[in-house]
Amino acid sequence: MRPIHGGNLVWAAEKAGCHPTEILDFSASINPLGPPPSLITAIQTNLAQINHYPDPSYQQLCLALGTEHQIDPCYILPGNGAAELLTWVARELADLEEIVLFTPAFRDYDRAIAAFGGKIKKVPLNLSGTLELSALPSLERGKKRGILINNPHNPTGKLWQREEILPYLDQFALVVVDEAFMDFLPPGEEQSLIPLVKDFPNLVIIRSLTKFYSIPGLRLGYAIAQPQRLQRWQEWRDPWSVNILAEIAGIAALKDQEFRQQTWDWLAPTKEKLFQDLTAIPGLEPHLGAANFLLVQSQTSVAQLQAQLLQESRILIRDCLSFPELGDRYFRVAIRTGAENQHLVDSLTSMLHSSLKLRIPSRD
């Protein structure tokens, strides 16, 4: 069955006829520089802790996150990846009369909201990333509505400025901003709304640690919202949602300022080069965004291109079939190391060049 998420190496390996470790994965937008050595050391040093249950309140992790964001730890709730926290915010959104969702959008939003019977109002977003109140359906007075925004946006990579989102805080009963990719932007560029949470009871921020620190297998995310809301979520969910090694990893990662700066220094020039290299390939049109991935429009079928890359080069790209508005003419690629990016570019160049030659009739 075709996966709806990136990173499904078992599926890819079956298609390529190889072991999952042989797949070069561009489908999951994970930092290729990590996990940082300090995180690995912390896990190895604390392996004996698996004999104990985690602290159900995750005080040390919340303290570390509070220090990172300069906010009281009572405003923070760690979760088993951002996906778990999206489930609980979806339960709250579903209690409203309508939830505005800009599309294309991350597929899990639909899943989570539908699980609680929420009513979604989809608003098309053009690929230039225009996000304005004028684009919304007319706002009915007294109607309790919610809105879920992804910033930077997945799959376009568009980054909205704080000022563009601020009006929604007065227009909606609940404003949820998924900032899963925000930490890939250095402090001078990020546009997080975390500093506003203390002043707006209707604001919820969802963050992820798994992408930036390359620990998706550990599953670690967190929500920032007012304490009463987070206490309600804590009562809904199972105890010990975050395992003890994930907590240890998160605390160690947040202390590693050197790794963070290394990632910021690496990402910008590497992404720009991959963007330019993909732009130079006939039949491809990449869109440059703020996150650690690129959305690419293709003149040929992406399903066919994906299959060919797997079979011939053991490279996995993320098709966009799970984004119905994009379909079979878009794919998404993570930014990986320079050598890995070059391998992708060389493989795409060769395959699309051969395809173009087959479409041009001979003059002999």
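When we screen 257, 226, 234 for residues that are touching a residue at least 12 places away in the same chain (Cβ under 8 Å), among the polar types (S, T, N, Q) and surrounded by fewer than 17 Cβ atoms within 10 Å (Cβ to Cβ), the only hit is 234.
The single residue among 127, 136 that is under 24 Å from residue 319 (Cα atoms), modelled with pLDDT under 95 and not assigned by TED's automatic domain parsing to the domain that holds residue 271 turns out to be 127. Being at negative phi and at pLDDT below 95 is a description that does not apply to residue 93.
Within the group 52, 69, 19, which residue is of a type outside the set (A, V, I, L, M, F, W, C) and within 30 Å of residue 174 (Cα to Cα)?
That would be 69, the only listed residue that is of a type outside the set (A, V, I, L, M, F, W, C) and within 30 Å of residue 174 (Cα to Cα).
Using the structure shown, decide if residue 268 is assigned to a helix (DSSP H, G or I) and touching a Pro at 6+ places or on another chain (Cβ under 9 Å). So residue 268 passes the test.
For every residue, the table says whether it meets (1) modelled with pLDDT under 95; (2) outside any helix (DSSP H, G or I); (3) out of contact with any Asp or Glu (no Cβ under 8 Å at 6 or more places or on another chain).
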position: 196; (1), (2), (3): no, no, yes
position: 206; (1), (2), (3): no, yes, no
position: 212; (1), (2), (3): no, yes, no
position: 217; (1), (2), (3): yes, yes, yes
position: 223; (1), (2), (3): no, yes, yes
position: 242; (1), (2), (3): no, yes, yes
position: 248; (1), (2), (3): no, no, yes
position: 252; (1), (2), (3): no, no, yes
position: 258; (1), (2), (3): no, no, yes
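Cβ-Cβ distances below 9 Å connect the following pairs, each with a first residue in region 14-39 that is surrounded by fewer than 18 Cβ atoms within 10 Å (Cβ to Cβ), a second residue that is of a type in the set (Asp, Glu) and in a loop (DSSP other than H, G, I, E, B), and a separation of six or more residues or different chains: 37/256; 38/256. Checking each residue in region 42-80 for being modelled with pLDDT under 95 and either of a type in the set (D, E, K, R) or under 19 Å from the mean Cα position of the chain (by Cα) (or both) picks out only 55. Only a single item in (1) surrounded by fewer than 22 Cβ atoms within 10 Å (Cβ to Cβ); (2) out of contact with any Gly (no Cβ under 6 Å at 6 or more places or on another chain) is not met by residue 274, and it is number (1).
When residue 184 is tested against the conditions (1) buried (at least 23 other Cβ atoms within 10 Å of the Cβ); (2) at pLDDT below 95, the lone failure is (2). Looking at region 247-264, is at least one residue in contact with a Cys (Cβ under 8 Å, 6 or more places away or on another chain) and of a type outside the set (A, V, I, L, M, F, W, C)? So far as region 247-264 goes, no, none of its residues is in contact with a Cys (Cβ under 8 Å, 6 or more places away or on another chain) and of a type outside the set (A, V, I, L, M, F, W, C). Being touching a Leu at 6+ places or on another chain (Cβ under 8 Å) and either in a loop (DSSP other than H, G, I, E, B) or in the same structural domain as residue 251 (by TED's automatic domain parsing) (or both) is the requirement here; does residue 44 meet it? Spelling it out, it is not the case that residue 44 is touching a Leu at 6+ places or on another chain (Cβ under 8 Å) and either in a loop (DSSP other than H, G, I, E, B) or in the same structural domain as residue 251 (by TED's automatic domain parsing) (or both).
Look through region 48-61, keep the residues that are touching a residue at least 60 places away in the same chain (Cβ under 8 Å) and part of a helix (DSSP H, G or I), and return whichever of them is surrounded by the fewest Cβ atoms within 10 Å (Cβ to Cβ). Of everything passing the filter in region 48-61, 50 is surrounded by the fewest Cβ atoms within 10 Å (Cβ to Cβ).
Output yes when any residue across region 273-296 is among the basic types (Lys, Arg), in contact (Cβ under 8 Å) with a residue 12 or more places away in the chain and under 17 Å from residue 155 (Cα atoms), and no when none is. Among the residues of region 273-296, not one is among the basic types (Lys, Arg), in contact (Cβ under 8 Å) with a residue 12 or more places away in the chain and under 17 Å from residue 155 (Cα atoms), which makes the answer no. Residue-level analysis places residue 157 among those that are on the phi > 0 side of the Ramachandran plot, crowded, with 22+ Cβ neighbours inside 10 Å, among the small types (Gly, Ala, Ser) and in the same structural domain as residue 97 (by TED's automatic domain parsing).
The values are calculated or read from the model by the stated rules, or taken from the named source; none is laboratory data. Just so you know, these numbers come straight off a predicted model, no measurement behind them. All Cβ positions, glycine included, derive from the backbone under ideal geometry; neighbour counts span all protein chains shown.
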